[in-house]
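The values are calculated or read from the model by the stated rules, or taken from the named source; none is laboratory data. Computed from a predicted model, the values in this text were never measured in an experiment. Cβ placement follows ideal geometry from the backbone for every residue including glycine, while neighbour counts extend to all protein chains displayed.
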Amino acid sequence: MARSSRTDPDWVRGDALGLAIPAHSEALRVEAESFLTDAFRASGALAADNRVVEVTRFEDWPGGSTGRKLFLSVAYERPAPGLPTELFAKFSRDFSDPVRDRARYQMESEVRFASLSRAAGFPIAVPACLFADYHRESGTGILITQRVEFGSDGIERHYEKCLDYQMPQPQEHYEALTRALARLAGAHRAGRLPESLAHQFPFDAQRFSVSDRPPRTAEQLNTSVAGFADFAAKYPQLLPKNIAAPRFIRRFAQGVAQFPQHEAAIKQFLSSQPQLIALCHWNAHVDNAWFWRNTRGQLECGLLDWGHAGQMNVAMALWGAFSGAEIELWDNHFERLLVLFLEELRSCGGPALQLEEVKLHLHLYVAVMGLAWLMDAPAFLQARIPDLGDVDSRFDPRIATNERARSSLHIMTTFLNLWDTQNLGTCIARMQAHRARSSHS
């Protein structure tokens, strides 16, 4: 295809580097070698006298919840150390799926982060970025990185979201994940990231609020609780006994009633403590990570998929990383992991945060976010899983092999278990008491 074919809507001009970028994989396929050469030269990943001479693998990868993705293998005219040949390409767009395509705007921050991650001494492992650009008006973007070779060269296999019961030594994996999150936040708070960070990732309390939905009314929350009560009565085999119990459901109903009138105050509180705001990964579930052991035998963690990366309350990042963990980890190990996060954050130059204050922020965030989003799970599961009554547990393949189903059920379950074990119904009173102490100090 002639270069003049790089025209809208198949091609748009990226905002950062000014190069015409493909909106979808077929546009890339037609002139892959020439575009990749231009792109890698523009980003500085490829010398001006080198070029991509052949694409030897061009394969769709169906995973993830946004955009189309490709596995690429390339050959260069002059191979060089540090110049990867096994690549991963991610498009913001998915023209075949309107639901996935609506999430195209998540890539804007991911592209900015990919460029930031190329800075010398970046504190955590991320896939090496060869090219990234984005057209804000259309939401069209492309990100090309080195591919993480799961299951080879010392890298562990890929772990899927909300299947931690299949993961060996989950506690050790979450320790590695916790350290990675804390290192990035600590480096940011210590001023060890590029000065352009504040401009590229300004803190926006509205963008990184607890919910993009309008606050639910008391009547809507009552309907959600009633829907869950009906679900628990019909399908108790899908839930832990503590949250399926009528006693818990009555206490839950009493607790949620106070939230509508305090939602604005909670959002303001979560953005009011500068020491808790840092650059973070928004969705660091284990499916967005890779793991390997260093020379000392300690498990290390790198992070993928930086959509919505930005400055946020660390409570949001902690929930984003741990909401897919098994309840056993929350019940028996989470507080120790939170202490590890605070210690690592401090050792990397971040602030000395207080355990109870971070827990309060986490509980408030989880409570409001859970009420806004997670109580849709019962209706979703009943609509999407035929003969749900015949499913004997969450391990049934009808749930376990369906990412949306198992994630909806599991993360709702985690939220409700926290409500029970951490008494989230009291967090508004705890917030008010914290404010009162602060005003008198």
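Could you please find all residues in the stretch 347-382 being more than 20 Å from residue 270 (Cα to Cα) and either small (Gly, Ala, Ser) or crowded, with 16+ Cβ neighbours inside 10 Å (or both)?
Passing the criteria: 347, 348, 349, 375, 377, 378, 379, 381, 382.
Condition (residue is in a helix (DSSP H, G or I) and polar (S, T, N, Q)) applied to the stretch 178-187: is it met by at least one residue?
Yes, the stretch 178-187 has at least one match.
Kindly evaluate residue 120 against the criterion of being outside any helix (DSSP H, G or I) and in contact (Cβ under 8 Å) with a residue 60 or more places away in the chain.
no
The rows are residues; the columns are (1) in a loop (DSSP other than H, G, I, E, B); (2) touching a Pro at 6+ places or on another chain (Cβ under 7 Å); (3) outside the structural domain of residue 71 (by TED's automatic domain parsing); (4) among the hydroxyl-bearing types (Ser, Thr, Tyr).
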position: 99; (1), (2), (3), (4): no, no, no, no
position: 112; (1), (2), (3), (4): no, no, no, no
position: 156; (1), (2), (3), (4): yes, no, yes, no
position: 159; (1), (2), (3), (4): yes, no, yes, yes
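One line per residue, one yes/no per condition, for (1) among the acidic types (Asp, Glu); (2) surrounded by fewer than 19 Cβ atoms within 10 Å (Cβ to Cβ); (3) under 24 Å from residue 89 (Cβ atoms):
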residue	(1), (2), (3)
116	no, no, yes
131	no, no, yes
138	no, yes, yes
151	no, yes, yes
157	no, yes, yes
186	no, no, no
194	no, yes, no
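Take the conditions surrounded by 20 or more Cβ atoms within 10 Å (Cβ to Cβ) and over 26 Å from residue 313 (Cβ atoms) and apply them to residue 228. Does it pass?
Yes.
Need at least 1 residues that are touching a Ser or Thr at 6+ places or on another chain (Cβ under 6 Å) and modelled with pLDDT under 95 per element, so show me which helices (runs of 4 or more DSSP H) inside the stretch 239-318 make the cut, counting only ones lying wholly within it.
So the answer is 263-270.
Could you please find all residues in the stretch 403-441 being more than 24 Å from residue 330 (Cα to Cα) and free of Cβ contacts under 8 Å to residues at least 60 places away in the same chain?
Passing the criteria: 432, 433, 436, 437, 438, 439, 440, 441.
Residue check, residue 67 against (1) part of a strand (DSSP E or B); (2) surrounded by 16 or more Cβ atoms within 10 Å (Cβ to Cβ), all met but one. Which one?
With respect to (1) part of a strand (DSSP E or B); (2) surrounded by 16 or more Cβ atoms within 10 Å (Cβ to Cβ), residue 67 is out only on (1).
Quick one: is residue 174 in a strand (DSSP E or B), aromatic (Phe, Trp, Tyr) and either at pLDDT 95 or above or surrounded by 17 or more Cβ atoms within 10 Å (Cβ to Cβ) (or both)?
In short, no.
Here is a check on your reading of the model: is residue 217 at pLDDT 95 or above, in contact with a helix residue (DSSP H, G or I) (Cβ under 9 Å, 6 or more places away or on another chain) and assigned by TED's automatic domain parsing to the domain that holds residue 367?
When the stated conditions are applied, residue 217 does not pass them.
Looking only at residues that are out of contact with any helix residue (DSSP H, G or I) (no Cβ under 9 Å at 6 or more places or on another chain) and under 13 Å from residue 274 (Cα atoms) in the stretch 196-205, which one is surrounded by the fewest Cβ atoms within 10 Å (Cβ to Cβ)?
202
Tell me the residue from 39, 20 that is within 28 Å of the chain's Cα centre (by Cα) and crowded, with 17+ Cβ neighbours inside 10 Å, please.
On inspection, the qualifying residue turns out to be 39.
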